[in-house]
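The values are calculated or read from the model by the stated rules, or taken from the named source; none is laboratory data. These numbers were taken from a predicted model, which means no experiment stands behind them. A quick note on method: Cβ atoms are made from the backbone with ideal geometry, for glycine too, and the neighbour counts reach across all protein chains shown. What goes into the accessible areas is simple: the full protein's heavy atoms, side chains included, and nothing from ligands, DNA or RNA. Shrake-Rupley method; radii C 1.70, N 1.55, O 1.52, S 1.80 Å.
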Amino acid sequence: MEERISHFLILRNINKNYGGVKALEKVDLDIMEGEIHCLVGENGSGKSTLVKIITGVVKPEPGGKIEIKGESFEFLDPLTSFLKGIHVVHQDLSLFPNLSVAENIAIHEHIMKKSGLVNWKRIYEVADRVMKRLGIYIDPHIQVEKLSVADQQLVAICRSLASDAKLMILDEPTSSLTSREVERLFSILRDLKSRGISILFISHRLDEVLDIGERITVLKDGKKVGTFRKEELDKKKLTYLMTGRELAFVRRSKGLEKKVPILKVENLTKYGQFENVSFELHSGEILGLIGPRGAGRTELALSLFGMNPPDSGRIFVEGKEVSFKSNRDAIKHGIGYVPENRLTQGLVLEQSVKNNLVITILERILNDFRLIDEERKNKVAEEMVRKFGIKTAGMDVAAKTLSGGNQQKVVLAKWISTAPKILILDGPTMGIDVAAKESIYRLVSKLANEGIAVLFISDESSEVTANCDRIMLMKNRKIVGVFKKDEISEEELERRIKE
Amino acid sequence: MMRKSRWKIYNQTEFYLFIVLIVLSTILAFVNPKFLRLENIFDLLRNYTFLGILALGQLVVLISGGIDVSFTAIATVSQYIMGVIISKYYIDNILVALAIPIPIGIALGLVNALLVYYTRVHPVIITISTLNVFYGFLMFITSGRWIYKFPPSFRNFVQIKILSFTSAKGTPYGLSILTLFWIIVAVMTWFILKHTNIGRKIYAVGGNLEAARRAGINIFRTYIFVYCYMGGLAGLASFVQAQLAQIIQPNAIVGKELDVLAAAILGGASVFGGSGTVPGAILGVLLIAIIKNGLVLMRIPAYWHQVVMGAIIAGAASVTALQMKFKSRRMVRKNVD
């Protein structure tokens, strides 16, 4: 069988140094025609460097070899790579929000053509043909910015098909999809595979990797750990290969026995977002909130944080009814909120780690003239870096230079240092690797043990069943079930989310 | 995109502009019946051709995600050079006069494009600088002298009408040939934006610069086209302005930046790039023309005109910003549904 399938891409002995740092060391990679190949590794393991070499954005060190369908190269440039059919569907999708679906799909009609005029008929034909090939339909006249993220992603996939992709590289394609949308994406990918198109699938979500991948290449610290067939791996083994450690997700032991309700919500409703939500949150408790995307979780969280006024219902903090006019009120009542998208809402990426850390506690670092005391600022920030185990090259480097997990820790640290009594974490482990996830779990568990009440919003049944004392299941804008720890298994929860 | 506008007309900025235009015209017609006379309308169209051409150039720059505020200096410089040449050598040929300012405008636009591309400084900063450099040089060399001795062909051109009528009192009036310039530029700009590759690339670059770069669009060439187009139109507009004024004063044009930006933004172009249409830019200019004309007909003191213009820019920009906000809200809803 092996003989029948030929190689699309062969990489041999690929090295890449940045300054003195070895980003990639002696990496080999084989991608077959019509294969779904997954690439996994922790942040900084060299995945993106490898992709950049395949797409010709960076040159490898001399001495390596790249072979596309039997043709050898020492290195690639972006145009050659593109013309050979290697296309990337970037995590940000790289679409033009102001242009129509058809134009986005057929954008290369504008770029590749010699004649200066637009052939609109052809643009619609190309879009139509590609969508038919995938068996999907999106109104070709509609502007892309009006589509859901899932549909936008399909447009991006259509675009690479329109310009004749042979190898499609998908970078974290599922990070903002609902589980149903993920299934649709996977069936499309399998369909592409059956047409002989190779797929390189990059993801942090190991469940998905093990679902869609036929072979899986693991990178660690710039070196290739190995390429494995799916049958050889399970999640535990894959985690071990990626991190080099046995990360048995420590299940959280019993929380505090004494239950003091600190937040009470009664019949909270915001039409079209969530309905009749009632629950209690106790100090020292981690309450999981899980459900499919679109169930209304984030909207509910924002209402509790004073940023999305509810239409009716009551909120009590420590027994007293409150009505938040803004998030300032919520913060005054001891509520902290870590947003879903740490990159756009949680961090000032260009600013230093230090400045990001102290932004919520400026009051505490003022001197007698009410000006910022640099010494005090340094001291406070260093303390936080130590306490939260943030890995950074220094206090003054920009926050964007940190890895995803460490960025998330900065966001957590900055809220936790305001000494909140209630902490709302919205998808705190989204898009970060397993090892970083684990350290976030530990941190959250420790905070709860110190008496903070945590509302933990998540997409993953495995993480809520392992880390939460109670779990609320939210579907179609309503709370449909509350389970105590150990009352429900991961599989059962997953089943109920999907049904 | 075009087909969409057919069945969702109420979704378009142009539709609302048009409604506002009708409402304002009706009010003005009640206040002063002179307003709706063909004479007044033709006068308006002629007097706002200068602004109209510049707004179309600005539209293209705004769509690409840039902005150009130096066009008044570009217009002044190209107009002045034209004036010097035709009056000094007494060139009695209108086509030669017309052919001088446009290439000068393109050349100065090229300076903007190169600076914007290579320095990567925000174009508003670059073009404020070039505005001062171009204008400063001109004032230094000319010390602000006026030019007014033009050959007959230059003096008579402005009188040409492409449609002529005679009013009840027996005075002739008509649609000026200058307005034809505006119409031609509008058709040309629409064609470029809608039916040429470079036009679509301008929208793409303004919509998502990084995606455009990844897709292999030549950003450099796009910038060159955009700023040179603005420059060339500034040159043409300066010809129109000189025709109307029949005198070239170095300080006549600089200061009109705001009117042009106001018209383009009012017409639905976004300062964030990626959006804007030719009909919008035309309606934007007409709206400003009507408002200003109305203020005059209602005998409101000139200082209030500035207040009104400022309020219009703030209002139009806020409406665009609000639309963006609703759009992104809808996106959120879409994402969660």
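Residues of the range A:58-78 that are away from chain B (no Cβ under 13 Å) and part of a loop (DSSP other than H, G, I, E, B): A:VAL58, A:LYS59, A:PRO60, A:GLU61, A:PRO62, A:GLY63, A:GLY64, A:LYS69, A:GLY70, A:GLU74, A:PHE75, A:LEU76.
With respect to the conditions (1) at pLDDT 90 or above; (2) under 24 Å from A:GLY451 (Cβ atoms); (3) open to solvent by 40 Å² or more (accessible area, probe 1.4 Å), A:GLY319 lacks only one, and its number is (1). Applying the criterion of being within 7 Å of chain A (Cβ to nearest Cβ) and basic (Lys, Arg) to the residues of the range B:194-210, the residue that is least open to solvent (accessible area, probe 1.4 Å) is B:ARG200.
Annotation: A:PHE274 fulfils all but one of (1) at pLDDT below 90; (2) within 14 Å of chain B (Cβ to nearest Cβ); the unmet one is (1).
Within the option set B:GLY273, B:GLY284, B:GLY255, being of a type in the set (Gly, Ala, Ser), open to solvent by 10 Å² or more (accessible area, probe 1.4 Å) and in contact with a helix residue (DSSP H, G or I) (Cβ under 6 Å, 6 or more places away or on another chain) holds for one residue only, B:GLY273.
Check A:VAL130, A:VAL149 and return the single one that is in contact with a helix residue (DSSP H, G or I) (Cβ under 8 Å, 6 or more places away or on another chain), within 9 Å of chain B (Cβ to nearest Cβ), surrounded by fewer than 23 Cβ atoms within 10 Å (Cβ to Cβ) and hydrophobic (A, V, I, L, M, F, W, C).
On the way: A:VAL130 fails: within 9 Å of chain B (Cβ to nearest Cβ).
One residue alone meets the criteria, A:VAL149.
Of the residues making up the range A:450-464, those that are open to solvent by less than 10 Å² (accessible area, probe 1.4 Å) and not in a helix (DSSP H, G or I) are A:ALA453, A:VAL454, A:LEU455, A:PHE456, A:ILE457, A:SER458.
Restricting attention to the range A:44-54, does a residue exist that is at positive phi, crowded, with 22+ Cβ neighbours inside 10 Å and under 24 Å from the mean Cα position of the chain (by Cα)? There is at least one residue in the range A:44-54 that is at positive phi, crowded, with 22+ Cβ neighbours inside 10 Å and under 24 Å from the mean Cα position of the chain (by Cα). Residues in the range A:147-189 that are among the aliphatic types (A, V, I, L, M), under 14 Å from A:SER203 (Cα atoms) and within 14 Å of the chain's Cα centre (by Cα): A:LEU170, A:LEU177, A:VAL182. Looking across A:LEU95, A:LEU117, one residue alone is facing chain B (nearest Cβ under 8 Å) and farther than 25 Å from B:PHE272 by Cβ. It is A:LEU117.
Scan B:TYR48, B:TYR117, B:TYR89, B:TYR80 and give me the residue that is more than 14 Å from chain A (Cβ to nearest Cβ), of a type in the set (Ser, Thr, Tyr) and free of Cβ contacts under 8 Å to residues at least 60 places away in the same chain. After ruling out the rest, the residue left standing is B:TYR89. Select from the range A:281-295 the residues that are under 16 Å from A:MET472 (Cβ atoms) and in contact with a Gly (Cβ under 9 Å, 6 or more places away or on another chain) and write down the one among them that is nearest to the other protein chains (Cβ to nearest Cβ). Of everything passing the filter in the range A:281-295, A:ILE286 is nearest to the other protein chains (Cβ to nearest Cβ). Residues in the range A:79-91 that are under 22 Å from B:TYR203 (Cβ atoms) and within 8 Å of another protein chain (Cβ to nearest Cβ): A:PHE82, A:HIS90.
With respect to A:ARG122, determine if the residue is at pLDDT 90 or above and at the interface with chain B (Cβ under 9 Å from one of its Cβ atoms). So A:ARG122 does not fit the description; no. Applying the criterion of at least 2 residues that are open to solvent by 40 Å² or more (accessible area, probe 1.4 Å) to the helices (runs of 4 or more DSSP H) found wholly in the range A:341-449 leaves A:374-388, A:434-449. Going residue by residue through the range B:231-238, is there one that turns out to be assigned to a helix (DSSP H, G or I), surrounded by fewer than 21 Cβ atoms within 10 Å (Cβ to Cβ) and modelled with pLDDT of 90 or more? No - not one qualifying residue is present in the range B:231-238.
When you scan the range B:252-337 for helices (runs of 4 or more DSSP H) that lie fully inside it, which ones turn up with 2 or more residues that are modelled with pLDDT under 85?
B:278-297, B:302-336
Once the range A:60-83 is narrowed to residues that are within 31 Å of the chain's Cα centre (by Cα) and without any contact (Cβ under 8 Å) to a residue 24 or more places away in the chain, the residue that is most open to solvent (accessible area, probe 1.4 Å) is A:LEU83.
Every condition in (1) more than 19 Å from B:LEU193 (Cβ to Cβ); (2) within 25 Å of the chain's Cα centre (by Cα) holds for A:PHE96 except the one numbered (1).
Matching residues to (1) open to solvent by 20 Å² or more (accessible area, probe 1.4 Å); (2) farther than 30 Å from B:THR130 by Cα; (3) in contact with a His (Cβ under 6 Å, 6 or more places away or on another chain):
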| residue | (1), (2), (3) |
| --- | --- |
| B:ALA29 | yes, yes, no |
| B:LYS34 | yes, yes, no |
| B:ASP43 | yes, yes, no |
| B:ASN47 | yes, no, no |
| B:ILE53 | no, no, no |
| B:LEU56 | no, no, no |
| B:VAL60 | no, no, no |
| B:SER64 | no, no, no |
| B:ASP68 | no, no, no |
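No other residue among B:THR76, B:THR142, B:THR119 is closer than 30 Å to A:ASN98 by Cβ and not aliphatic (A, V, I, L, M) apart from B:THR119.
Looking only at the range A:18-27, how many residues end up being open to solvent by 60 Å² or more (accessible area, probe 1.4 Å) and in contact (Cβ under 8 Å) with a residue 40 or more places away in the chain?
Our first condition is that a residue be open to solvent by 60 Å² or more (accessible area, probe 1.4 Å); within the range A:18-27, this holds for A:18-22, A:26.
Right, trim to in contact (Cβ under 8 Å) with a residue 40 or more places away in the chain and you get A:22, A:26.
Counting residues in the range A:18-27 that are open to solvent by 60 Å² or more (accessible area, probe 1.4 Å) and in contact (Cβ under 8 Å) with a residue 40 or more places away in the chain gives 2.
Of all residues in the range A:196-217, those that are closer than 14 Å to A:LEU29 by Cβ have Cβ atoms under 8 Å from Cβ atoms of residues that are of a type in the set (Val, Ile, Thr) and open to solvent by 10 Å² or more (accessible area, probe 1.4 Å), 6 or more apart or on another chain, in A:LEU200/A:VAL51; A:ILE202/A:VAL51; A:ARG215/A:THR227; A:ILE216/A:THR227; A:THR217/A:THR227.
Considering the range A:214-246, the residues that are part of a strand (DSSP E or B) and more than 21 Å from the chain's Cα centre (by Cα) include one that is surrounded by the most Cβ atoms within 10 Å (Cβ to Cβ), namely A:LYS224. Looking only at residues of the range B:130-162 that are small (Gly, Ala, Ser) and free of Cβ contacts under 8 Å to residues at least 12 places away in the same chain, we find that the one that is nearest to B:LEU261 (Cα to Cα) is B:GLY136.
A:ALA162 meets all of the listed conditions (1) farther than 19 Å from A:SER94 by Cβ; (2) open to solvent by less than 50 Å² (accessible area, probe 1.4 Å) but one, namely (1).
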